[in-house]
Amino acid sequence: MNRHSQQTVADAFSSLAGNKSDDLSLSDGSRVAVVGGGPAGSFFAFFLLKMAQAIDLELEVDIYDPRSFSRCGPAGCNHCGGIVSESLVQILAAEGINLPPEVVQRGIESYVIHMDVGSVAIESPAGEQRIAALYRGNGPREGGDAPWDSFDGYLQGMATERGARVLRKLITAMEWRDGRPWLQFADRSQDRYDLVAVASGVNSNLLKMLADLPAEFQPPRTTRTYICEFKAGEDGVQNILGNAVHVFLLAIPRLEFAAIIPKGEFATVVMVGEDLDQELVHEFLNDPVVRGCFPTDAVPCVCSCSPLINMGARKRPYADRVVLVGDCGVTRLYKDGIGAAYRTAKAAASTAVFMGVSEEAFRKNFWPACRAIATDNAIGRVMFASTGTLKRFRFLRRVIHRMTAREQAQPGRRPHMSSMMWNMFTGSAPYTDICRGAMHPGFIGNFAANLALGAWPASQRREVS
Amino acid sequence: MSSGRQDRSAGSGTRLTPAFRPQQVRKEPPCQAGCPNCGDIRGWIGTVAQRSRTGLSREDAFAQAWRMITDVNPFPSVLGRVCPHPCEAHCNRGELDEPLAINAMERFLGDWAIENRLPLPALEPEAGGEWIGVVGAGPSGLSFAYQMARRGYRVTVYEGREQAGGMLRFGVPDYRLPPEILDAEVQRILNLGVELHLNTQVGQDVTLAELRERHTSLYLGLGAQLGRGLGLPGEEGPSVWTGVDYLERANQGRPAETGARVLVVGGGNTAVDAARTARRTGATVTLMYRRTREEMPAIAEEVEDALEEGIELMLLATPVSVERDDDGRLRGVEACRMELGEPDASGRRRPVAMPGSEFRLAVDTLITAVSQSPALKGFEALDRDGSWLVSGDGGWVADGISAGGDLLGLGIAGNAIVQGRRAAESVHERLRGGGRLAAADAPLPTIGPDRIIFDHKPGSAAVKTPKRDGEQRVCAGMSEVAGTITESQFLQEVERCYSCGSCMGCEQCAMYCTSSCFTRLEEVGPGMYFSLALDECKECGKCIEVCPCGFLDVS
């Protein structure tokens, strides 16, 4: 009798527990898989656990990534230029994520914009929007004894300190069974989760495998970039590039823009453009303006890749028990992917912990963060289109050059053009803010004046400020 | 636009950026390089480890793996017990934690196949008109017989003793290799239609010329049955045995009376086997070797086992004379201390007697196990180099006669088996023009631990063969000392293999290639999962650098 009643109670509890997990919220013992151990995945796991611990919710969080960030070269690399804005570093510090100096190499004080009409250096405005350079993985090939640590590795460590488990397994598919997502691994084994956060970026083929799932899971539109690392030695890099990021706005068809970033003994060359291929890379590296500032044939290039970047937001990067964070969902156009990863991951984590893991919960609480980025990207796209115009018309380039150079020469003046260029290329501010700055009457008046003066024939030669 | 691009490509000069284009290159892993039998070790481990990727059931994977072993070695259960497993010595995994327990895994599969009565598959169902003769039913003769029989030859084996197995039966003690295991694996060869004539001594019951006349081709696998003495004063007489003779009697169930104190002289496996066997009769046993433990040719683990069983190891010592009383009874051995001098031809430091270091040991029995040689009575017509028969490529020693195993020079059982197989392949080629069936024709590049990404798998210790402790082993007499690993241990152990130099289907290359250069094959198996097309390759080299097994190279 007694035994019978015990069983009934146990049954009642188990059915209650079953109901609880069916109602699309996380409960004690819920299992969460994070697919991808880059910044988005680590941020998500970190915030999810931090928030869950705050309300005494016990979750089991598994981060899946077969790669190790402790290795040099492509195997441990996450393919990016490696620029973070100081504002992001500050925001992370406020979250309790203090990036140590081995991870973030601060001290980039200026941007040099190179155009055929001349080069101009922009100092970091107001001294606070400085930027930092970092390596996502453990640096390029041949960087064995480099003094830096991996940024992605550091973030992953933050997540594991919070209790996440990192599993070196490759996920090859995801399917729904019994209302739950099941991950399938390369060895054909499977595991069931209550929530799957996809943070796979756009440089693996995982998203294609999710494409069989509901129509909303179309992989984002992507374009190719080109990144290569030149090993010039610490002194070499300092001599050639100084403490500045060099940005190139050149009249090379198909090339959107390019930048050279100093990082210790390496210089990272990043190119963004349409249909980027080896010919375009060559044309850029052999351009007289580039050669004038960076003798690429004199230093060995040790590493190169053509990673994809996200060019368009997904319609709906979430569903019941699934959410896409970071680059594989919505990210910022060209810039500040880590900042976008942080914002989308945090929004997804707080939704999952406090609002549930239903499609509805993500729509109400996660999607607004994504939509803000998507809207800003739309503005950014218009602005980058205008740089296309700029590249077509030499007189416009002269205006920019002249205006920026004058602003930089007179520190007291309001630096309309400088801060616009700075924010445009550093990702320090949303495109919306940059655009608003461009609408400022002071900017327009200044622009008009410089347009008139710069068209004067006497100034039609290349000058370096 | 398109014409503009052509102009640019025409103008582009030397490359400024590196090109890391992948190519798939199968390599020889250290396990296979270390195995005299050239077994496809990585292949059979991979067949089991990758069974879910290739869609094989567990049973099918076991059977297929076992057939891959038996392609070159019909004695997996036997070698899984007695082989000193040089395959494990250089296993790349040793750089991470411990080498794979290949030998223990081979034993598991061998036992599994015996339990499940798996037959050795015949390659040619019908026998042709040839009749092949084999002298000696030891590992080499039976390996040869097996390789010929499965190719569709009629084979007759002549064995001088009353049972087949050769040194495996008469030289290896039962506590290492139980006779029923040997019987099962021998019987499977006979089941292919091999005829066995026991108690048939060449030179006595039949002559070499008669056999040569009778058979299309003849193979000699006589082994080296003669134990060599030390040539000491007083050695001739009762209570002095060679290791071979002592072990043979023990293995036939009629061990020699040794008395309470036994001295075994030698450092090889025969010496250790004789010492451990004598210990099991209750005697106090001393094993004397003239060099140090480092130089002992015996399997290190066997030496360790001997010590655990209470055998005293006396290193850097050698007997100089045998002491007998007036009745000729053994009383003791006079020995002297040695020290290591300059290296000799074998690279080992030569032991040199220390003057004035003589000492006396009271013993009741002396077993000398320093070397063996073949008994070549009846084979005087064949060329020799000292005690050994001389052979050419493929083991040929005369027209229509080939040979292999210990009569060409002492070696491990695996060596005898490979020589039998090679000779069979050569005979097959001469008689039917058949090519070699076993793999490993073209030499492949080797692969070291530097190419393996160890963090692809979690660290874990190798599976340990279950074993009773030393005292229990001695009490248990001749019953087997070591057990077979369990199926779950076996399945865990195969997971430890990194499949060095051969694709294991981890899918990372395909996952991280954003240019879709890798296409999964319709039919997959160990070593073949993806085809590679480089038309869209961006030369970043990521696929090469994530490949955990070192299968992808820079082309």
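The values are calculated or read from the model by the stated rules, or taken from the named source; none is laboratory data. This is a predicted model, so every value here is computed, not measured. Backbone-built Cβ (ideal geometry, glycine too); neighbour counts: all protein chains shown.
Descriptive notes on the structure:
- Some residue of the range B:351-358 being β-branched (Val, Ile, Thr), in a strand (DSSP E or B), in the same structural domain as B:Ala298 (by TED's automatic domain parsing) and more than 20 Å from B:Val264 (Cβ to Cβ): yes
- For the criterion of being among the β-branched types (Val, Ile, Thr), in the same structural domain as B:Arg249 (by TED's automatic domain parsing) and buried (at least 18 other Cβ atoms within 10 Å of the Cβ), B:Val322 passes.
- Meeting the requirement of 2 or more residues that are in contact (Cβ under 8 Å) with a residue 60 or more places away in the chain, the helices (runs of 4 or more DSSP H) wholly within the range A:287-395 are A:288-293, A:337-350, A:367-392.
- Selection status of B:Pro458, without any contact (Cβ under 8 Å) to a residue 40 or more places away in the chain, within 14 Å of chain A (Cβ to nearest Cβ) and surrounded by fewer than 16 Cβ atoms within 10 Å (Cβ to Cβ): yes
- Test: residue in the range B:488-499 that is in the same structural domain as B:Ser77 (by TED's automatic domain parsing), at pLDDT below 90, closer than 23 Å to A:Tyr64 by Cα and of a type in the set (Asp, Glu): no
- Scanning the range B:111-163 for residues that are among the hydrophobic types (A, V, I, L, M, F, W, C) and surrounded by fewer than 24 Cβ atoms within 10 Å (Cβ to Cβ) yields B:Trp112, B:Ile114, B:Leu118, B:Leu120, B:Ala122, B:Leu123, B:Ala127, B:Trp131.
- Across the range A:174-195, the number of residues qualifying as out of contact with any Phe, Trp or Tyr (no Cβ under 9 Å at 6 or more places or on another chain) and either assigned to a strand (DSSP E or B) or closer than 30 Å to B:Cys503 by Cα (or both) comes to 7.
- Complete set of residues in the range B:21-37 that are touching a helix residue (DSSP H, G or I) at 6+ places or on another chain (Cβ under 6 Å), assigned to a loop (DSSP other than H, G, I, E, B) and surrounded by fewer than 21 Cβ atoms within 10 Å (Cβ to Cβ): B:Pro36
- Strands (runs of 3 or more DSSP E) within the range B:180-271 that include 1 or more residues in contact with a strand residue (DSSP E or B) (Cβ under 6 Å, 6 or more places away or on another chain) and within 22 Å of B:Ser373 (Cβ to Cβ): B:217-220, B:240-242, B:261-265
- Residue match in the range A:114-122 (condition: modelled with pLDDT of 75 or more, in a strand (DSSP E or B) and under 30 Å from A:Ser350 (Cα atoms)): no
- Residues that are farther than 21 Å from B:Lys457 by Cβ, in contact with a strand residue (DSSP E or B) (Cβ under 8 Å, 6 or more places away or on another chain) and not hydrophobic (A, V, I, L, M, F, W, C) were ranked within the range B:513-532; the one that is farthest from the other protein chains (Cβ to nearest Cβ) is B:Ser531.
- Residue pairs meeting the criteria (Cβ under 8 Å; at least 6 apart or on separate chains; first over 21 Å from A:Gln408 (Cβ atoms), in the range A:420-442; second of a type outside the set (D, E, K, R) and surrounded by fewer than 20 Cβ atoms within 10 Å (Cβ to Cβ)): A:Tyr431/A:Ile379; A:Tyr431/A:Met383; A:Thr432/A:Thr375; A:Thr432/A:Ile379; A:Cys435/A:Ile379; A:Cys435/A:Val382; A:Cys435/A:Met383
- Scanning the range A:167-195 for residues that are modelled with pLDDT of 95 or more and within 25 Å of the chain's Cα centre (by Cα) yields a count of 1.
- Sole residue being under 20 Å from B:Ala184 (Cβ atoms), among the small types (Gly, Ala, Ser), modelled with pLDDT of 95 or more and not in a helix (DSSP H, G or I), chosen from B:Ala137, B:Ala145: B:Ala137
- Residue that is under 27 Å from A:Val269 (Cβ atoms), without any contact (Cβ under 8 Å) to a residue 12 or more places away in the chain and under 23 Å from the mean Cα position of the chain (by Cα), where the choices are A:Asn239, A:Asn205: A:Asn205
- Failed criterion for A:Cys303 (all others in (1) away from every other protein chain (no Cβ under 12 Å); (2) touching a Gly at 6+ places or on another chain (Cβ under 7 Å); (3) at pLDDT below 90 hold): (1)
- Residue in the range B:533-543 that is aliphatic (A, V, I, L, M) and away from every other protein chain (no Cβ under 14 Å) present: yes
- If the condition is being more than 23 Å from A:Val89 (Cβ to Cβ) and buried (at least 24 other Cβ atoms within 10 Å of the Cβ), then the range A:308-321 contributes A:Pro317, A:Tyr318.
- On the stretch given as the range A:39-63, residues that are in contact with a strand residue (DSSP E or B) (Cβ under 8 Å, 6 or more places away or on another chain), within 14 Å of A:Asp152 (Cα to Cα) and not aliphatic (A, V, I, L, M) total 3.
- For the range A:81-100, the criterion of being buried (at least 20 other Cβ atoms within 10 Å of the Cβ), away from chain B (no Cβ under 14 Å), among the small types (Gly, Ala, Ser) and touching a helix residue (DSSP H, G or I) at 6+ places or on another chain (Cβ under 6 Å) is met by at least one residue.
- Failed item in (1) modelled with pLDDT under 80; (2) under 30 Å from A:Pro307 (Cα atoms), with A:Phe366 passing the rest: (1)
- Exclusive hit being hydrophobic (A, V, I, L, M, F, W, C), under 19 Å from the mean Cα position of the chain (by Cα) and under 21 Å from A:Ala348 (Cβ atoms), set A:Val84, A:Val61: A:Val84
- Test: residue in the range B:60-76 that is within 14 Å of chain A (Cβ to nearest Cβ) and at pLDDT 95 or above: yes
- Here A:Ile97 fits the description: among the hydrophobic types (A, V, I, L, M, F, W, C), part of a loop (DSSP other than H, G, I, E, B) and at pLDDT below 95.
- Within the range A:270-300, the residues that satisfy the criterion of being hydrophobic (A, V, I, L, M, F, W, C) and more than 9 Å from chain B (Cβ to nearest Cβ) are A:Val270, A:Met271, A:Val272, A:Leu276, A:Phe284, A:Val289, A:Val290, A:Cys293, A:Phe294, A:Ala298, A:Val299.
- Positions within the range B:333-385 being hydroxyl-bearing (Ser, Thr, Tyr) and either free of Cβ contacts under 8 Å to residues at least 12 places away in the same chain or out of contact with any strand residue (DSSP E or B) (no Cβ under 6 Å at 6 or more places or on another chain) (or both), in sequence order: B:Ser346, B:Ser371
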